1. Condition first: more than 24 Å from residue B:52 (Cα to Cα), among the polar types (S, T, N, Q) and away from chain B (no Cβ under 12 Å). Can you find one or more residues in the range A:1-8 that meet it?
2. Looking at the range B:63-70, is at least one residue open to solvent by 50 Å² or more (accessible area, probe 1.4 Å), within 13 Å of another protein chain (Cβ to nearest Cβ) and in a helix (DSSP H, G or I)?
3. When the residues of the range B:1-29 are filtered to those that are loosely packed, with under 15 Cβ neighbours inside 10 Å, over 16 Å from residue B:90 (Cα atoms) and of a type outside the set (S, T, N, Q), which remaining residue is modelled with the lowest pLDDT?
4. Can you say whether residue A:82 is more than 18 Å from residue A:20 (Cα to Cα) and either part of a helix (DSSP H, G or I) or in contact with a helix residue (DSSP H, G or I) (Cβ under 7 Å, 6 or more places away or on another chain) (or both), as far as the supplied structure shows?
5. When you scan the range A:78-94, do you find a residue that is at the interface with chain B (Cβ under 7 Å from one of its Cβ atoms), open to solvent by 20 Å² or more (accessible area, probe 1.4 Å) and either within 19 Å of residue B:8 (Cα to Cα) or not polar (S, T, N, Q) (or both), even just one?
6. Between A:27, A:52, A:44, which is assigned to a helix (DSSP H, G or I), under 30 Å from residue B:76 (Cα atoms) and within 11 Å of chain B (Cβ to nearest Cβ)?
7. Of the residues in the range B:10-24, how many are within 11 Å of chain A (Cβ to nearest Cβ) and in contact with a Phe, Trp or Tyr (Cβ under 6 Å, 6 or more places away or on another chain)?
8. Quick one: which of B:99, B:73, B:32 is within 12 Å of chain A (Cβ to nearest Cβ), at pLDDT 95 or above and surrounded by fewer than 17 Cβ atoms within 10 Å (Cβ to Cβ)?
2 protein chains.
Amino acid sequence: MEQKVLRHVVLFKFNDGTTTDRVKEIEMAFMDLRNKIHIIESIEWGKDVSPEGLSQGFTHCFFVTFSSEENRDAYIPHPDHQAFVSLMESFVEKVLVVDYWACS
Amino acid sequence: MEQKVLRHVVLFKFNDGTTTDRVKEIEMAFMDLRNKIHIIESIEWGKDVSPEGLSQGFTHCFFVTFSSEENRDAYIPHPDHQAFVSLMESFVEKVLVVDYWACS
């Protein structure tokens with residue numbers, strides 16, 4: 001039986017005028033969380049390239065996988081995650097988060 | 001070298017009052033696209049269970065994988081995809097779509 005995984009989908013829209021260096025720093029810091037918080041199974045990310053015009057301004061997607069709700073619940077208040085939130089929050093205009101148990 | 005994949009992330013918020021049977025029909029119809037449109041590599045989906053309150057009303061995530069932009073571009077106008085859009089559009093209040101090349 002396939003093991004179920006919990007997906008944690010995070011979309012960002014950066015503030016207008018955020019420098020490309022700052023955006024890159026935040027991208028790297030998000031990806032570095034998997035090295036710091038070992039209950040993360042995996043992270044992938046990318047910049048929006050949809051031609052459909054339905055992104056509602058979001059430009060970045062980070063796609064995090066956990067093996068359980070307990071791990072997701074431990075991630076949210078984790079000091080390294082909270083340090084990341086402090087790093088990025090003044091540069092991000094909008095954040096959208098949905099989590100789902102992957103059905104296929 | 002790992003092969004790059006193009007992710008197509010679709011979020012739905014259904015209209016208030018949409019019946020659970022109708023929602024289920026639309027969920028199934030989306031998943032059935034992989035049987036009809038063979039350029040889709042895979043689809044997974046799930047209902048939002050995030051406790052963070054940042055879902056902006058979106059309740060469903062469908063996560064579609066393509067192997068190329070050409071396949072994604074062929075999917076959008078594909079008659080079976082367009083039939084799905086016709087099926088769902090009067091029941092969905094908001095749609096958000098981002099596509100990204102997966103970096104890990």
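The values are calculated or read from the model by the stated rules, or taken from the named source; none is laboratory data. Because the structure is a prediction, the values reported are computed rather than measured. Cβ atoms come from the backbone with ideal geometry, glycine included; neighbour counts cover every protein chain shown. For accessibility, only protein heavy atoms count, side chains too; no ligands or nucleic acids. Shrake-Rupley method; radii C 1.70, N 1.55, O 1.52, S 1.80 Å.
1. If we filter the range A:1-8 for residues that are more than 24 Å from residue B:52 (Cα to Cα), which is where we start, we get A:1-3.
Within this subset, residues satisfying the condition of being among the polar types (S, T, N, Q) are A:3.
Applying the additional criterion that residues be away from chain B (no Cβ under 12 Å) yields A:3.
Yes, the range A:1-8 has at least one match.
2. Just the residues of the range B:63-70 that are open to solvent by 50 Å² or more (accessible area, probe 1.4 Å), to begin with: B:69-70.
Checking the rest, the ones that are also within 13 Å of another protein chain (Cβ to nearest Cβ) come to B:69-70.
Checking the rest, the ones that are also in a helix (DSSP H, G or I) come to B:69-70.
There is at least one residue in the range B:63-70 that is open to solvent by 50 Å² or more (accessible area, probe 1.4 Å), within 13 Å of another protein chain (Cβ to nearest Cβ) and in a helix (DSSP H, G or I).
3. Applying the filter and picking the extreme gives B:1.
4. Working: more than 18 Å from residue A:20 (Cα to Cα): yes; either part of a helix (DSSP H, G or I) or in contact with a helix residue (DSSP H, G or I) (Cβ under 7 Å, 6 or more places away or on another chain) (or both): yes.
For residue A:82, the condition - more than 18 Å from residue A:20 (Cα to Cα) and either part of a helix (DSSP H, G or I) or in contact with a helix residue (DSSP H, G or I) (Cβ under 7 Å, 6 or more places away or on another chain) (or both) - is met.
5. Taking the range A:78-94 and keeping what is at the interface with chain B (Cβ under 7 Å from one of its Cβ atoms), we get none.
Within the range A:78-94 (the criterion being at the interface with chain B (Cβ under 7 Å from one of its Cβ atoms), open to solvent by 20 Å² or more (accessible area, probe 1.4 Å) and either within 19 Å of residue B:8 (Cα to Cα) or not polar (S, T, N, Q) (or both)), the answer is no, since none of the residues qualifies.
6. On the way: A:52 fails: assigned to a helix (DSSP H, G or I); A:44 fails: assigned to a helix (DSSP H, G or I).
Being assigned to a helix (DSSP H, G or I), under 30 Å from residue B:76 (Cα atoms) and within 11 Å of chain B (Cβ to nearest Cβ) holds for just one of A:27, A:52, A:44, which is A:27.
7. Let us first name the residues in the range B:10-24 that are within 11 Å of chain A (Cβ to nearest Cβ), namely B:10-13.
When the remaining residues are screened for being in contact with a Phe, Trp or Tyr (Cβ under 6 Å, 6 or more places away or on another chain), the result is B:10-11, B:13.
Adding up the residues that qualify gives 3.
8. Details: B:99 fails: surrounded by fewer than 17 Cβ atoms within 10 Å (Cβ to Cβ); B:32 fails: within 12 Å of chain A (Cβ to nearest Cβ).
Going through B:99, B:73, B:32 in turn, the sole match is B:73.
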